[in-house]
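The values are calculated or read from the model by the stated rules, or taken from the named source; none is laboratory data. A quick note: this is a predicted structure, and the numbers were derived from the prediction, not measured. Methodologically, a virtual Cβ is constructed for each residue, glycine included, from the backbone with ideal geometry; neighbour enumeration extends over all protein chains shown. Areas reflect the complete protein model, heavy atoms only, side chains present, ligands, DNA and RNA absent. Shrake-Rupley method; radii C 1.70, N 1.55, O 1.52, S 1.80 Å.
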Amino acid sequence: AFRSTEWFEFLGRIFSSPRRIVSVDTNSINVIRSFWPELASKMRFIPNFVDDSLFFPKPEKRNPKRLRVLFPRRSQINRGSRILADILKRIPHDVDFYWVGEGDAQDTEIIRDLCKKDSRLSYYSAEFNEMPSWYQRCDIAVIPTITCEGTSLSCVEAMACGRPVLATRSGGMPEYLAGSQAVLVERGDTVTDQLAWSIRMLYEHPALCTEMGAAGAARGREFSTAHYYEEFVRIVRDVTENGGAQ
């Protein structure tokens, strides 16, 4: 409803003003290209970064006798909070599930109520500096986005900590999760079946879970803060020294 003629005109003015626009995913670049092809040439893609001095594998924090599945998400409908119950319903195994992230009051209450019905699930609100420990102590990270998402910091943080990522094919996610470190599922009517099946698969094949985690740690190093700064500085220098010719 908000996508009025005035909204498009405003968006066009916003993207016309800078000489360069940095985007953390190509999804946004493609959207701008579809409306204003000439403006997309201003845009440069630099992937999201992860601080590898904070997010790194710590195997000793894991419990090898019990699988832990982390949903590092704000409690919002578009982040998948309302499909959580259907995912858990399809997993018969005795697994620990953690939803970590506060969001909308209504969806937070939905998750809290679900915790009362399913003792395997726990809900926590965590500060940013607590998140590395959450990734390190869990075995799998699930990102069940049901609407468009540019990219998710959660996916690169989980990979950097050596955790397999199960996510929906949303927005720019495939650019980050293209490889053996992740399972990407299609959104739609079968999304809960696909995510639940993926969790069951890793539960039943712990060696595969370990292999995917190792691949994730290697992939996560590609998104270091050093790489992001290097690319960003290169773009700034191009604009300041060459007038943005590159």
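Give the range 171-182 a look and list any residue that's open to solvent by less than 10 Å² (accessible area, probe 1.4 Å) and part of a loop (DSSP other than H, G, I, E, B), or say none.
172, 177, 181
Consider residue 191 carefully, then state whether it is closer than 29 Å to residue 92 by Cβ, surrounded by 19 or more Cβ atoms within 10 Å (Cβ to Cβ) and touching a strand residue (DSSP E or B) at 6+ places or on another chain (Cβ under 7 Å).
So residue 191 passes the test.
Using the structure shown, decide if residue 127 is touching a residue at least 60 places away in the same chain (Cβ under 8 Å), within 26 Å of residue 23 (Cα to Cα) and not hydroxyl-bearing (Ser, Thr, Tyr).
No, not satisfied.
Name the single residue, out of those in the range 154-182 being modelled with pLDDT of 90 or more and aliphatic (A, V, I, L, M), that is farthest from the chain's Cα centre (by Cα).
160
Do we find a residue being aromatic (Phe, Trp, Tyr) and out of contact with any strand residue (DSSP E or B) (no Cβ under 9 Å at 6 or more places or on another chain) anywhere in the range 114-124? Can you show your working first?
Filtering the range 114-124 down to residues aromatic (Phe, Trp, Tyr) leaves 123-124.
Okay, now just the ones that are also out of contact with any strand residue (DSSP E or B) (no Cβ under 9 Å at 6 or more places or on another chain), so none.
No: zero hits.
Which ones in the range 45-75 are open to solvent by less than 20 Å² (accessible area, probe 1.4 Å) and at pLDDT below 95?
46, 50, 73, 75
Given the options 167, 178, 85, name the one that is touching a residue at least 24 places away in the same chain (Cβ under 8 Å) and within 19 Å of residue 213 (Cβ to Cβ).
Only one candidate passes the filter, namely 167.
Sort out which residues of the range 199-246 are among the small types (Gly, Ala, Ser) and open to solvent by 70 Å² or more (accessible area, probe 1.4 Å), and write them in order of number.
245
Take the range 118-170 and flag every residue that is of a type in the set (Ser, Thr, Tyr), more than 24 Å from residue 201 (Cβ to Cβ) and either open to solvent by 30 Å² or more (accessible area, probe 1.4 Å) or not in a helix (DSSP H, G or I) (or both).
123, 124, 125, 147, 151
When the residues of the range 80-94 are narrowed to those that are more than 13 Å from residue 195 (Cβ to Cβ) and not polar (S, T, N, Q), which ends up surrounded by the most Cβ atoms within 10 Å (Cβ to Cβ)?
Going through the range 80-94, the residues more than 13 Å from residue 195 (Cβ to Cβ) turn out to be 81-82, 92-94.
Add one more test, that the residue is not polar (S, T, N, Q), and what stays is 82, 92-94.
Working: 82: 18, 92: 9, 93: 11, 94: 10.
Looking at the filtered set, the residue picked out is 82.
In the list 21, 32, 14, which residue meets the criterion of being open to solvent by 20 Å² or more (accessible area, probe 1.4 Å), of a type in the set (A, V, I, L, M), farther than 29 Å from residue 211 by Cβ and touching a strand residue (DSSP E or B) at 6+ places or on another chain (Cβ under 8 Å)?
21
Return the pairs, sorted by first residue and then second, in which the second residue is surrounded by 19 or more Cβ atoms within 10 Å (Cβ to Cβ) and part of a loop (DSSP other than H, G, I, E, B), the first residue lies in the range 53-78 and is without any contact (Cβ under 8 Å) to a residue 60 or more places away in the chain, the beta carbons are less than 7 Å apart, and the residues are 6+ apart or on different chains.
74/101; 75/101
Output the residues belonging to the range 97-112 that are open to solvent by 60 Å² or more (accessible area, probe 1.4 Å) and in a helix (DSSP H, G or I).
Passing the criteria: 105, 106, 109, 110, 112.
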